[in-house]
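> The structure is given below, and queries will be raised subsequently.
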Amino acid sequence: MANAPVADRRLRLHEETVRGLQAEPKHLPTAWLYDERGSRLYAEITRLPAYYLPRRERELLRSYAPDIAARAQAETLVELGAGSATNTRVLLDALVYVGTLERFVPLDLNEEVLRESAPAIAAAYPGIAVEPLVGDFLDELAWLPAAGRRLVAFLGSTIGNLYPLQRRAFLRALAGVLGDGGAFVVGVDLVKDPRRLQAAYNDRGGVTEAFVRNALTAVNAELDATFEQRRFDFDARWDPAHDWMDIGLRARQAHTVSIPGLELEVSFEAGEQLRVEVSTKFRREAFDREFGLAGLRLDSWWTDPAGDFALVLALPAVP
Ligand code: TRP
């Protein structure tokens, strides 16, 4: 199922890790979160009561997937960061009902999660070819199969995990590959009361914390690094200046970590941050503007009555 060679992907991840650990604030690339254990923990997060995102998205898909399917008339559904592709099934059902769908291409960083989800989906949708791809959607857009009309899905507010510049590059590249007749459906979490955001990323059972700490475990395993969990506290807080949840760890006391696999020593001060992910929350006007600048046109913006979450259908802007 591989496309871009695995060795290239690891090398790029290692380079980004060096850069991130030398940056201010220090951060780790998101990819470290999603190894097999991380993908399982993420699936567990999606079932937490305080983590409202997947449920809101599912309700919106139940209401509007038929409109999306009718509009897209897609032969190919591509899902970026598909994981276990749970909410995607609502979209698959609608596309099958419209009768255009021939192919489902789930793309994910983690091969194991695709090895589970792809056959399950193939079994549930016998008329559809399921063709999983392993890779990072930031690099792989050019690899996506070009066959037929495409609907590209990006669910779970994963778009919020990109930094603004990454998001801009991603949206531009996407507008470029969508071509005539392509469509893009994206689930986006919206700005809301910080207390609810805080609760969504700080579950009492510690599943989110375990998910974030797994990034250190993954770096230790692959690069022989000496990160020690007890030297860090979990920290996820709302940053009103950036409209994002800033999620990661903080050093409890000053100490140095060595990472032989990168020939790197990293010193932390007491209280210093190690960011593992940002989760941006959006406002409609800014979102509209960004899509416009990237060459995409918002066709529909659907929200739940409380305004928690939006499901957005975008099309290439007419030149
Ligand atoms: N796309 C998810 C989000 O932004 C990813 C996520 C959920 C996440 N919980 C997390 C990322 C905790 C880091 C830490 O909500």
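> Among Ala286, Ala254, which is loosely packed, with under 15 Cβ neighbours inside 10 Å and more than 26 Å from Leu171 (Cβ to Cβ)? Give the steps one after another, and end with the answer.
Values: Ala286 fails: more than 26 Å from Leu171 (Cβ to Cβ).
Unique residue meeting the criteria: Ala254.
> Check Asp288 against each of (1) in contact (Cβ under 8 Å) with a residue 24 or more places away in the chain; (2) more than 16 Å from the ligand (Cβ to nearest atom) and name the one condition it does not meet.
Against the list (1) in contact (Cβ under 8 Å) with a residue 24 or more places away in the chain; (2) more than 16 Å from the ligand (Cβ to nearest atom), Asp288 comes up short only on (1).
> Go through the residues of the stretch 148-169 one by one and say whether even a single one is over 16 Å from the mean Cα position of the chain (by Cα), under 25 Å from Asp8 (Cα atoms) and either among the small types (Gly, Ala, Ser) or buried (at least 16 other Cβ atoms within 10 Å of the Cβ) (or both).
Residues of the stretch 148-169 over 16 Å from the mean Cα position of the chain (by Cα): 148-151.
Subset that is under 25 Å from Asp8 (Cα atoms): none.
No, every residue in the stretch 148-169 fails to be over 16 Å from the mean Cα position of the chain (by Cα), under 25 Å from Asp8 (Cα atoms) and either among the small types (Gly, Ala, Ser) or buried (at least 16 other Cβ atoms within 10 Å of the Cβ) (or both).
> Which of the residues spanning the stretch 116-162 are part of a helix (DSSP H, G or I) and without any contact (Cβ under 8 Å) to a residue 12 or more places away in the chain? I'd like the intermediate steps shown before the answer.
Of all residues in the stretch 116-162, those part of a helix (DSSP H, G or I) come to 116-124, 137-143, 158-161.
Once the filter is applied, which keeps residues that are part of a helix (DSSP H, G or I) and without any contact (Cβ under 8 Å) to a residue 12 or more places away in the chain, the stretch 116-162 yields Pro119, Ala120, Ala122, Ala123.
> Here is a follow-up. Listed residues Ala221, Ala236; which is closer than 28 Å to Gly160 by Cβ, out of contact with any Asp or Glu (no Cβ under 6 Å at 6 or more places or on another chain) and without any contact (Cβ under 8 Å) to a residue 12 or more places away in the chain? Spell out the reasoning first.
On the way: Ala236 fails: without any contact (Cβ under 8 Å) to a residue 12 or more places away in the chain.
Going through Ala221, Ala236 in turn, just one is closer than 28 Å to Gly160 by Cβ, out of contact with any Asp or Glu (no Cβ under 6 Å at 6 or more places or on another chain) and without any contact (Cβ under 8 Å) to a residue 12 or more places away in the chain: Ala221.
> Consider Leu296 carefully, then state whether it is at pLDDT 95 or above and over 26 Å from Leu60 (Cα atoms). Can you show your working first?
On the way: at pLDDT 95 or above: yes; over 26 Å from Leu60 (Cα atoms): no.
Against the criterion (at pLDDT 95 or above and over 26 Å from Leu60 (Cα atoms)), Leu296 does not qualify.
> Looking for whichever is within 15 Å of the ligand (Cβ to nearest atom), in contact (Cβ under 8 Å) with a residue 24 or more places away in the chain and either in contact with a strand residue (DSSP E or B) (Cβ under 8 Å, 6 or more places away or on another chain) or part of a strand (DSSP E or B) (or both) here; the options are Ser300, Ser279, Ser258. Which one fits?
On the way: Ser300 fails: within 15 Å of the ligand (Cβ to nearest atom); Ser258 fails: within 15 Å of the ligand (Cβ to nearest atom).
Of the residues listed, the single one that is within 15 Å of the ligand (Cβ to nearest atom), in contact (Cβ under 8 Å) with a residue 24 or more places away in the chain and either in contact with a strand residue (DSSP E or B) (Cβ under 8 Å, 6 or more places away or on another chain) or part of a strand (DSSP E or B) (or both) is Ser279.
> How many of the residues making up the stretch 61-89 are over 26 Å from Gly179 (Cβ atoms), in contact (Cβ under 8 Å) with a residue 40 or more places away in the chain and in a helix (DSSP H, G or I)?
Of the residues in that region, 1 qualify.
> Hand me the list of helices (runs of 4 or more DSSP H) wholly inside the stretch 163-229 holding 2 or more residues that are touching a strand residue (DSSP E or B) at 6+ places or on another chain (Cβ under 6 Å) and aliphatic (A, V, I, L, M). Talk me through it step by step, then tell me what you get.
Numbers: elements: 164-178, 194-200, 207-223.
Those helices (runs of 4 or more DSSP H) span 164-178, 207-223.
> Across the stretch 1-53, what is the number of residues that are at pLDDT below 95, more than 24 Å from Glu209 (Cβ to Cβ) and not in a loop (DSSP other than H, G, I, E, B)?
Final tally of qualifying residues: 8.
> Scan the stretch 230-253 for residues that are in contact with a His (Cβ under 9 Å, 6 or more places away or on another chain) and either assigned to a helix (DSSP H, G or I) or of a type outside the set (Gly, Ala, Ser) (or both) and report the count.
Filtering the stretch 230-253 for residues in contact with a His (Cβ under 9 Å, 6 or more places away or on another chain) gives 231, 248.
Imposing the further condition that a residue be either assigned to a helix (DSSP H, G or I) or of a type outside the set (Gly, Ala, Ser) (or both) reduces the set to 231.
Counting residues in the stretch 230-253 that are in contact with a His (Cβ under 9 Å, 6 or more places away or on another chain) and either assigned to a helix (DSSP H, G or I) or of a type outside the set (Gly, Ala, Ser) (or both) gives 1.
> Take Asp35 and tell me if it is within 16 Å of the ligand (Cβ to nearest atom), over 22 Å from Asp189 (Cβ atoms), surrounded by 18 or more Cβ atoms within 10 Å (Cβ to Cβ) and not hydrophobic (A, V, I, L, M, F, W, C). Let's see the steps before the verdict.
Working: within 16 Å of the ligand (Cβ to nearest atom): yes; over 22 Å from Asp189 (Cβ atoms): yes; surrounded by 18 or more Cβ atoms within 10 Å (Cβ to Cβ): yes; not hydrophobic (A, V, I, L, M, F, W, C): yes.
Yes.
> Considering (1) buried (at least 16 other Cβ atoms within 10 Å of the Cβ); (2) away from the ligand (no atom under 16 Å from the Cβ); (3) closer than 19 Å to Thr30 by Cβ, say which one Gly182 fails and leave the rest.
Against the list (1) buried (at least 16 other Cβ atoms within 10 Å of the Cβ); (2) away from the ligand (no atom under 16 Å from the Cβ); (3) closer than 19 Å to Thr30 by Cβ, Gly182 comes up short only on (3).
> Do we find that Leu28 is free of Cβ contacts under 8 Å to residues at least 40 places away in the same chain, over 18 Å from Val207 (Cβ atoms) and of a type in the set (A, V, I, L, M) in this structure? I'd like the intermediate steps shown before the answer.
Values: free of Cβ contacts under 8 Å to residues at least 40 places away in the same chain: no; over 18 Å from Val207 (Cβ atoms): yes; of a type in the set (A, V, I, L, M): yes.
No.
The values are calculated or read from the model by the stated rules, or taken from the named source; none is laboratory data. What you see is a predicted model, and the numbers here were worked out from it, not measured in a lab. For neighbour counting, all protein chains shown are included, and Cβ atoms are generated from backbone atoms with ideal geometry for every residue, glycine included.
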